[in-house]
Every structure is written in C-alpha cells, then in structure tokens.
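The values are calculated or read from the model by the stated rules, or taken from the named source; none is laboratory data. The model shown is predicted, which means the values in this text are computed figures rather than measured ones. With ideal geometry, Cβ positions are generated from the backbone for all residues, glycine too; neighbour counts draw on all protein chains shown.
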Amino acid sequence: MSGATGARRVPSSLAALAAAGLAAVCIRSVQAPLAERLHGVHETDDVYVLPPPRQLRAMTLGYTAAATDLLWGKLLVEYGIHHAEKRPFRDIEAYLEAILALEPDYPNVFKYADVLLVYRPPRGYAADARTARSFLERSLEARPFDGQAWLHYGDFLAFIAPSFLTDEAEIQAWRQKGAEALLRAGELGAGGTRMLSAAAMLGRSGQRDAAIRQLEKSYALTDDPAERERIAAELAALEASKTRERVVERVAALEEQWRAVLPFLPRAAFLLVGPRVDPWPCAGLQAGAEARCARSWPEALGPEEP
C-alpha cells in the first residue's frame, strides 16, 4: 500500500518540477522585454489635485496655518524631486497661489518665489521672471514699509532677472526699476551698500539728477565714515561737487546739534526728535517763522538747493 503511494508521488513531483521549470522559462522570456519597456517609460506631467484656493481655505476647517506649512513642505519636496528627475514642474504657481490663499502674507513665498520660478527644473524663461516679479510686487503691497521686501525686489529686478530676459529695452527698464526699489529700501533702512550701486545704475541710464538726489539722501542716512567717503566719491564722479559740499555741511550741522543737545540718543532717534527749539524766544506767531525756531530739519538746516 505504502509502496504504491510512493510510486504515485514520484510522477507527481516530476510534474510539479516540470511545471515550475516551464513557468520560470515563460517568466524569463517576458521579463526582459517588460523591463526594457518599463525603463523606457518616463513620468512627464503631474496631476494637481488641490481644489481652487477659495474651496481649499474652506477645506482646512480653520487650520490654515498647519495647512499652509504642509503645502509649503509639499512644494519643496516636489521641487526637489523634479530637479532630481530633470522633469518640468509646471504647478509651482498653483502651489504658491494656494498658499497665499490660506495666508496672504506668508513670508516664505515672498522670500523664495523668485528662486523657485526662475530656477525651476529644467530651466527658467522670461515668462517665469515676469511671474516671479508679480509675486514680489504682491509682497510690496502686503508690506509697503518693509525695507527687506523692497531690497529683495530690487535685487531681483536689477541683478537676477536680466539674465532671463532677451529684450535689451526691457532689461534696462527692469534694472532702472530695480535701482529705484533699492533706493527705497535704503530709505527704509535696508539698502546698505546697494544704494551706491543703484545710484550708479541711474547715472548710467542718464538720470544724473535722480542719482545725485539719492546719493545725497544716502550720505545723510549713513553713519559709516567709510561709506560717506564712497558716496562723496560717487558725487565727485557725477561732477556734483557743489551738492557734495552742501550735503557735507548740512550733515555736519545736524550732527553738531545732536552732540550738543542729546548725545546719549542714537543718531536715528535724534532725527526723529527734531531740532532743538528754545520755547521763550520762539513764542508767538511771528517768532515761529524765524530760522532758529524751525520745527523740522529741512527748515532748520536751510534749503536743499544751493
């Protein structure tokens, strides 16, 4: 009984081995073509699954800050993946718009939107530079008195965006606008040495008077002696020796009063306080018109024009 059973098992085992071998041969025969086809398939476009911005805000159920951070992280991850795979990333604007719909003044968007757009994989174009500019201008609308926002905007227009543009007239217009933005950043306390570059760009574009005015403002705003020497040299290069002498005299008069009246205050704070006025001689309407009773620095220091 057991012998007959063992005899039947031998053919069954052989049949199973034969079936397995045949399956292996079949798999091997189709594996190579399938692998070749698989390697030839490349992912091209993504499927953007987020709803429109208004509906997206409702779907957060009030957790807008968490949703904003999640979207920003998702955007950076996708950006890195597309760069690694050298695939176009066409949904950057959609992500940025979705983030701004949740948090209109989200700082990371305004800080990195230009980099994400003009250095998008595989490369950026002039249209991307224009889109980046629109996002940066929205940052100025949200924070009109933020010197860093103006500085970032000016740097992009003056130094970064021109390399992506092709029309020379457009390039010059962008550089001029960037120079004006850098000067505005300096007025808000964020320009630094870029104000000299901005004034030089205005001078090269033929706006000599505007460059002189901005250099005059820069000289009055800076406390750094070395920076003042560079500004004075720029004024001399623009053949504005009279302007240089006038601004040096005005700043010296202001600082003389600062050291005599309130030397313990920072210079910027003293500018906010205004000129010193002796109340007794300046009492009354007629006395108020005298130069010694001036209530503002332009009146106290005299006219700007020679």
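As an exercise: evaluate A210 against (1) out of contact with any Asp or Glu (no Cβ under 9 Å at 6 or more places or on another chain); (2) at negative phi; (3) surrounded by fewer than 21 Cβ atoms within 10 Å (Cβ to Cβ) and give the number of the one condition it does not meet.
(1)
Could you figure out which of (1) at pLDDT 75 or above; (2) surrounded by 11 or more Cβ atoms within 10 Å (Cβ to Cβ); (3) closer than 30 Å to R194 by Cβ; (4) not assigned by TED's automatic domain parsing to the domain that holds E187 isn't true of L301?
Every listed condition holds for L301 apart from (1).
Hey, can you tell me all the residues within region 249-272 that are under 34 Å from the mean Cα position of the chain (by Cα) and surrounded by 12 or more Cβ atoms within 10 Å (Cβ to Cβ)?
V251, L265, R267, F270, L271
Surrounded by 15 or more Cβ atoms within 10 Å (Cβ to Cβ) and over 16 Å from the mean Cα position of the chain (by Cα), is that true of L151?
Against the criterion (surrounded by 15 or more Cβ atoms within 10 Å (Cβ to Cβ) and over 16 Å from the mean Cα position of the chain (by Cα)), L151 does not qualify.
Scan region 111-157 residue by residue and report those that are within 22 Å of L76 (Cα to Cα) and without any contact (Cβ under 8 Å) to a residue 12 or more places away in the chain.
Y112, V115, Y119, R123, A127, R130, S134 - these are the residues of region 111-157 that are within 22 Å of L76 (Cα to Cα) and without any contact (Cβ under 8 Å) to a residue 12 or more places away in the chain.
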